[in-house]
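Here is the structure we will look at, set down as structure tokens.
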Amino acid sequence: MANKENKYKILLVEDDNNLGFVLKDYLEMIGYQVVLKKDGHEGVVTFKNDIFDLCILDVMMPLKDGFTVATEIRSINQSIPIIFLTALSMNEDKIKGFKIGADDYITKPFSTEELSLRVEAILRRTKNMDSIGLHYHIGKIIFDTDNYLLKQDETVTRLTRKESELLLLLCQNMNKLVKRETVLEKIWGRNDYFMGRSMDVYITRIRKYLKTDPTVEIINVHGTGFKLEAAAEEH
């Protein structure tokens, strides 16, 4: 449950009036601040003019769909958690959502309890990441966990929050095998096919970032997990 002395603020964008009000009332009842908007355009405008801790976006909406809204939000803030609400059963749509940068999706119909558990888990992981405050040396690359940055000489790469969470887990287990199911449970909150596809996309991105140092490598142990191989030093 949210801390009532320091409430997390959620942007909820849902065009179904009944569902929107039910979710808003429920989330406020358990301690969150909620701003409800009824279409994608209003959602983006509201996000630009306020500060939120998490976004919950319906996929099918007028004016701008949830994917478009998420893309625009990500162009403003790469780290804010996003949950999609979707009635879509197409696998391609779920995978598209994760490629955009979603943290989770919930397929309609769903229970308010399921939503609250997903929200709580994502915010808990976000809070833990924000409080790490460490620098890791990955070969010649410096990973600044506070600011989600990779630095090497004059080159600086800004990571998304989820990229940082994933890289941090690999750094914490430098030169050790991290099982796929461990990564999925710790970073994505659950182990299923769609989360696995999302994880593979993020691993590919991080490999690309780390290519600036040829002595650093993420090894894929087929069907088992991943190993970040490099000389490591924690500060």
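Hey, among the residues in the range 145-183 that are among the β-branched types (Val, Ile, Thr) and assigned to a loop (DSSP other than H, G, I, E, B), which one's surrounded by the most Cβ atoms within 10 Å (Cβ to Cβ)?
THR145
Report, by residue number, each residue of the range 7-22 that is crowded, with 23+ Cβ neighbours inside 10 Å and either among the small types (Gly, Ala, Ser) or in contact (Cβ under 8 Å) with a residue 60 or more places away in the chain (or both). Full working, then the answer.
Quick first cut of the range 7-22, residues crowded, with 23+ Cβ neighbours inside 10 Å only: 10-14.
Passing the criteria: ILE10, GLU14.
For the range 12-36, name all the residues that are out of contact with any Gly (no Cβ under 9 Å at 6 or more places or on another chain) and assigned to a loop (DSSP other than H, G, I, E, B).
Scanning the range 12-36 gives ASP16, ILE30, GLY31, TYR32.
When you go through THR224, THR212 one by one, which is the residue that is of a type outside the set (A, V, I, L, M), closer than 22 Å to ARG158 by Cα and surrounded by fewer than 19 Cβ atoms within 10 Å (Cβ to Cβ)?
THR212
Name the pairs whose Cβ atoms lie under 7 Å apart, with the first residue in the range 90-115 and in contact (Cβ under 8 Å) with a residue 12 or more places away in the chain and under 16 Å from ASP16 (Cβ atoms), the second part of a loop (DSSP other than H, G, I, E, B) and not β-branched (Val, Ile, Thr), and 6 or more positions between them or separate chains?
LYS108/ALA87
Restricting the range 58-89 to residues that are touching a helix residue (DSSP H, G or I) at 6+ places or on another chain (Cβ under 6 Å) and in contact (Cβ under 8 Å) with a residue 40 or more places away in the chain, which is surrounded by the most Cβ atoms within 10 Å (Cβ to Cβ)?
VAL69
For the range 121-145, which residues satisfy the criterion of being closer than 22 Å to LYS9 by Cβ and modelled with pLDDT under 85? Spell out how you get there, then give the answer.
From the range 121-145, those closer than 22 Å to LYS9 by Cβ are 121-131; that's our starting set.
Within the range 121-145, ARG124, ARG125, THR126, LYS127, ASN128, MET129, ASP130, SER131 meet the criteria.
With the condition being of a type in the set (Gly, Ala, Ser) and within 19 Å of the chain's Cα centre (by Cα), I'd like the strands (runs of 3 or more DSSP E) fully within the range 37-117 carrying at least 1 qualifying residues. Talk me through it step by step, then tell me what you get.
Values: elements: 54-58, 82-86, 104-107.
Passing ranges: none, list empty.
Residues to consider are ILE219, ILE206; find the one that is β-branched (Val, Ile, Thr) and crowded, with 16+ Cβ neighbours inside 10 Å.
Of the residues listed, the single one that is β-branched (Val, Ile, Thr) and crowded, with 16+ Cβ neighbours inside 10 Å is ILE206.
Report yes if VAL156 is of a type in the set (A, V, I, L, M, F, W, C) and touching a residue at least 60 places away in the same chain (Cβ under 8 Å), otherwise no.
On the way: of a type in the set (A, V, I, L, M, F, W, C): yes; touching a residue at least 60 places away in the same chain (Cβ under 8 Å): no.
Against the criterion (of a type in the set (A, V, I, L, M, F, W, C) and touching a residue at least 60 places away in the same chain (Cβ under 8 Å)), VAL156 does not qualify.
Which condition from (1) over 29 Å from GLY31 (Cβ atoms); (2) among the small types (Gly, Ala, Ser); (3) surrounded by 19 or more Cβ atoms within 10 Å (Cβ to Cβ) is the one that GLY196 breaks?
(3)
The values are calculated or read from the model by the stated rules, or taken from the named source; none is laboratory data. Every value quoted in this text rests on a predicted model; they were computed, and no experiment measured them. A quick note on method: Cβ atoms are made from the backbone with ideal geometry, for glycine too, and the neighbour counts reach across all protein chains shown.
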